[in-house]
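This report refers to the structure that appears directly beneath it.
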Amino acid sequence: MEGVVDHLAFERNKAQFDVEEMKIVWAGSRQALEISDKMARLVASDPVFKKDNRAMLDRKELFKNTLRKTAYAWKRIIELRLSEQEAAMLRFFVDQPAFTDLHWGMFVPAIKGQGTEEQQQKWLPLAYKMQIIGCYAQTELGHGSNVQGLETTARFDPKTDEFVIHSPTLTSSKWWPGGLGKVSTHGIVYARLITDGRDYGVHGFIVQLRSLDDHLPLPGITVGDIGMKFGNGAYNSMDNGVLRFDHVRIPRNQMLMRVSQVTREGKYVQSNVPRQLVYGTMVFVRQTIVSDASTAMSRAVCIATRYSAVRRQFGSNNGGIETQVIDYKTQQARLFSLLASAYAFRFVGEWLKWLYMDVMKRLQANDFSTLPEAHACTAGLKSLTTSATADGIEECRKLCGGHGYLCSSGLPELFAVYVPTCTYEGDNTVLLLQVARHLLKTISQLGSGKKPVGTTSYIGRVEQLMRYRSNVQKGEDWLNPNAVLGAFEARAAKKVVLCAQNLSRFTNPEEGFQELSVDLVEAAVAHCQLIVVSKFIEKLQQDIPGKGVKQQLEVLCSIYALSLLCKHLGEFLSTGSINPKQASLANDQLRSLYSQVRPNAVALVDAFNYTDHFLGSVLGRYDGDVYPKLYEEAWKDPLNDSVVPDGYQEYVRPMLKQQLRNARL
Ligand SMILES: Cc1cc2nc3c(=O)[nH]c(=O)nc-3n(C[C@H](O)[C@H](O)[C@H](O)COP(=O)(O)OP(=O)(O)OC[C@H]3O[C@@H](n4cnc5c(N)ncnc54)[C@H](O)[C@@H]3O)c2cc1C
């Protein structure tokens, strides 16, 4: 790959598996690997996509640079006649948040999911050709998580056959939508539908916001950017916006009418298409978020692993070579559990892609039986994987010591750009509470004979799980997938049952739910961790070719499960799923697994196949040539443009030269 001298060659030579085959497993297929490899190289080799000075640009420069990159990416997509999949990969490797993320990721799917055939035919070709640019305007200044609390109104006027969109209060201002601030010409705007003298709750409308000729806001529309966000560079390339409407009129047929309609006379009618259809879009969006979590986690882990193999501290008494920090057990415990998480999230993301297809197939066949479970499952996995990834990136920064704090490590920007994922598309705590509600409902319906489906099916065996005692007797027993699954299922089931029992003591169930919400969140986490563990195990039941590939994945799977078990030991013990002796055996086994990963660590992160451009990190360079490059980077800082800084004459020199007579110092 890049570089001439490979300082990590001795690490790569230790690998006990076929890295090229592992690259295919990571990418999902040989074809997916070929496409991603081609697109990553295309972006990396093009100077327009350079990003190494991004954290130094001021907001206006950064934003213009983003517009330039998106326009150029679009030009290349057309010139090279890229397929939809290739185009998405190219945008992904450009690696700069932009309005196009919302256009392709939210605006287009919302029209596809919620628009009628006619609406799709009208709007999608325009969106596909980027003759209009769209955003997703739901959140307001006063309400985000509580969508039913939104205040923007869409009042039907039967005289003109139009909706009048209005922001009645300051708190009804749309606030946060990406791409809205400066670029979008259109938005899917969520507003309370009022017709026939009644409020029918929140619905989506396609609203034109800016002129297609001069980009000025249309009459009655106030729109702008909401200001700087966390970190340098990072998400500041995105124009998150504020939007207010003053009685803006749109034609009636711009309400998204797949699920419900307003007639010419102003009557509100539900179509025969079930409301659950919108779940399909949500499953799709959250599935991409889970895949992105594995990408962000793997990126941070790749940087921290390579650097941990380069960095040496202590261990030499006589001036000889020092110990690589990756050889310290504490470093391994922190790093390898994250490496295992990256792979675990990859496979659960892959499974979610399948789930989405399954959901869509069932929807077409009018089978809605698995929808609530699929919805809860994607909500929970979104929450679990994004929280773990945000924490994981920060852990990787610490694993890189002081140098991890430099922007040139790539980690501060990765963290800053990643953390809002825990908030958008559903606040992670709010989502876990939704999962908990679903689990409680599943338990309560057992009595009536309703069989739990999909990822909740283990709850159907609740009586057996309540009596579960792990039969692990020696450390290696923990390598048996059934031992792991048994412990995770018992812990999750017992936590949910305990919550249900405690809840039944309250006369008002809603009050009980609020009171017990901390326990409910824990139960939901236990359930979601079980899903990730079980999908990793399922993956390993497939045929996975390549020398040593499956063995490495088995080690990582055990590390993922056992490190979670050790982290949440209190829950496994207090639910009686395992005993203290078994806990101690898990801990011993984990140590031995870390030793097994150690020689393969660098090769396991090479399998992500990231270019140095994409990683954007001096510490994570493929060739491990860290120190000369760190040194070089420092001199590029604008502060080093002059030897004596601006401001010296005004502020520093007078201080140095003053003769103090009256000071009390
Ligand atoms: C970078 C970024 C991009 C965004 N992009 C878009 C976009 O394109 N379009 C769009 O419409 N929106 C967007 N948003 C908004 C985002 O979707 C909301 O911020 C998100 O849904 C969270 O809602 P909130 O801000 O109201 O948080 P709140 O709900 O106000 O959360 C505050 C705290 O209250 C807690 N909380 C809230 N309700 C409960 C409850 N019932 N029980 C227990 N705890 C609770 C939360 O856990 C959290 O700790 C974006 C936000 C960010 C940060």
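The values are calculated or read from the model by the stated rules, or taken from the named source; none is laboratory data. Since we're looking at a predicted model, the values are computed, not measured. A quick note on method: Cβ atoms are made from the backbone with ideal geometry, for glycine too, and the neighbour counts reach across all protein chains shown. The protein model used for the area step is the full one, side chains on, heavy atoms only, and it has no ligands, DNA or RNA in it. Shrake-Rupley method; radii C 1.70, N 1.55, O 1.52, S 1.80 Å.
Some notes on this structure:
- When L170, L180 are checked against the criterion of being modelled with pLDDT of 95 or more and either within 15 Å of the ligand (Cβ to nearest atom) or on the phi > 0 side of the Ramachandran plot (or both), a single residue qualifies: L180.
- Of the criteria (1) outside any helix (DSSP H, G or I); (2) modelled with pLDDT under 95; (3) among the charged types (D, E, K, R); (4) closer than 30 Å to A390 by Cα, which one K229 fails: (2)
- Per this entry, G475 is not counted among residues that are small (G, A, S), within 32 Å of the chain's Cα centre (by Cα) and open to solvent by less than 50 Å² (accessible area, probe 1.4 Å).
- Top-ranked residue of segment 179-207 - restricted to ones that are open to solvent by 20 Å² or more (accessible area, probe 1.4 Å) and β-branched (V, I, T), ranked as nearest to N240 (Cα to Cα): V202
- For segment 144-162, residues that are without any contact (Cβ under 8 Å) to a residue 24 or more places away in the chain and either open to solvent by less than 20 Å² (accessible area, probe 1.4 Å) or within 13 Å of the ligand (Cβ to nearest atom) (or both) total 2.
The rows are residues; the columns are (1) buried (at least 24 other Cβ atoms within 10 Å of the Cβ); (2) farther than 22 Å from T295 by Cα.
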residue: L564; (1), (2): yes, no
residue: L569; (1), (2): no, yes
residue: N579; (1), (2): no, yes
residue: T611; (1), (2): no, no
residue: L619; (1), (2): yes, no
residue: Y622; (1), (2): no, no
residue: D625; (1), (2): no, yes
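- Taken over segment 51-89, the criterion of being among the β-branched types (V, I, T) and either in contact with a Lys or Arg (Cβ under 9 Å, 6 or more places away or on another chain) or in contact (Cβ under 8 Å) with a residue 24 or more places away in the chain (or both) is satisfied by T66, T70, I77.
- Considering (1) within 16 Å of the ligand (Cβ to nearest atom); (2) of a type outside the set (A, V, I, L, M); (3) open to solvent by less than 50 Å² (accessible area, probe 1.4 Å), the lone condition that D391 does not fulfil carries the number (3).
- Hey, F92 open to solvent by 30 Å² or more (accessible area, probe 1.4 Å), in contact (Cβ under 8 Å) with a residue 24 or more places away in the chain and in a helix (DSSP H, G or I) or not: yes
- One residue from D225, D199 being more than 12 Å from the ligand (Cβ to nearest atom) and under 19 Å from F99 (Cβ atoms): D225
- Residues located in segment 598-654, provided they are in a loop (DSSP other than H, G, I, E, B) and of a type in the set (A, V, I, L, M, F, W, C): A607, F608, V618, L619, V643, V644
- D239 assigned by TED's automatic domain parsing to the domain that holds L256, modelled with pLDDT of 95 or more and either within 14 Å of the ligand (Cβ to nearest atom) or closer than 30 Å to D58 by Cα (or both): yes
Matching residues to (1) open to solvent by 70 Å² or more (accessible area, probe 1.4 Å); (2) more than 16 Å from the ligand (Cβ to nearest atom); (3) over 23 Å from Q582 (Cα atoms); (4) outside the structural domain of A344 (by TED's automatic domain parsing):
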{"residue": "V462", "(1), (2), (3), (4)": "no, yes, no, no"}
{"residue": "A483", "(1), (2), (3), (4)": "no, yes, no, no"}
{"residue": "L503", "(1), (2), (3), (4)": "no, no, yes, no"}
{"residue": "V521", "(1), (2), (3), (4)": "no, no, yes, no"}
{"residue": "E538", "(1), (2), (3), (4)": "yes, yes, yes, no"}
{"residue": "Q541", "(1), (2), (3), (4)": "yes, yes, yes, no"}
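- Test: I111 is buried (at least 16 other Cβ atoms within 10 Å of the Cβ), outside the structural domain of F415 (by TED's automatic domain parsing), more than 24 Å from S617 (Cα to Cα) and β-branched (V, I, T): yes
- Exactly one residue among S409, S341, S308, S337 is closer than 27 Å to N600 by Cα, within 15 Å of the chain's Cα centre (by Cα) and polar (S, T, N, Q), and that residue is S341.
- Checked against (1) closer than 30 Å to G410 by Cβ; (2) in contact with a strand residue (DSSP E or B) (Cβ under 9 Å, 6 or more places away or on another chain); (3) open to solvent by less than 40 Å² (accessible area, probe 1.4 Å), D225 meets all criteria but (3).
- When the criteria are applied in full, Q514 meets the requirement of being open to solvent by 30 Å² or more (accessible area, probe 1.4 Å) and within 30 Å of the chain's Cα centre (by Cα).
- Selection of segment 103-161 for residues being among the acidic types (D, E) and in contact with an Asp or Glu (Cβ under 8 Å, 6 or more places away or on another chain) yields E140, E151.
- Being outside any helix (DSSP H, G or I) and not assigned by TED's automatic domain parsing to the domain that holds A234 is true of D367.
- Set L363, L339, L352, L335: member being open to solvent by 10 Å² or more (accessible area, probe 1.4 Å) and in contact with a helix residue (DSSP H, G or I) (Cβ under 8 Å, 6 or more places away or on another chain): L363
- Number of the exception - M1 against (1) modelled with pLDDT of 95 or more; (2) in contact with a Phe, Trp or Tyr (Cβ under 9 Å, 6 or more places away or on another chain); (3) not charged (D, E, K, R): (1)
- Single residue of V242, V259 found to be open to solvent by 10 Å² or more (accessible area, probe 1.4 Å) and out of contact with any helix residue (DSSP H, G or I) (no Cβ under 7 Å at 6 or more places or on another chain): V242
- For segment 163-172, a tally of residues being buried (at least 20 other Cβ atoms within 10 Å of the Cβ) and farther than 16 Å from M255 by Cα returns 2.
- Of all residues in segment 422-433 being among the polar types (S, T, N, Q) and either more than 8 Å from the ligand (Cβ to nearest atom) or under 19 Å from A376 (Cβ atoms) (or both), the one that is least open to solvent (accessible area, probe 1.4 Å): N428
- In segment 422-444, the residues that are over 16 Å from L371 (Cα atoms) and at pLDDT 95 or above reach residues that are of a type in the set (S, T, N, Q) and more than 11 Å from the ligand (Cβ to nearest atom) with C-beta atoms within less than 8 angstrom, at least six apart or across chains, in these pairs: C422/T386; C422/S387; N428/T386; N428/S387.
- Any chance N272 is open to solvent by 40 Å² or more (accessible area, probe 1.4 Å), within 16 Å of the ligand (Cβ to nearest atom) and assigned to a loop (DSSP other than H, G, I, E, B): no
- Among the residues listed as L656, L604, L639, L660, the single one being touching a residue at least 24 places away in the same chain (Cβ under 8 Å) and either open to solvent by 70 Å² or more (accessible area, probe 1.4 Å) or not charged (D, E, K, R) (or both): L604
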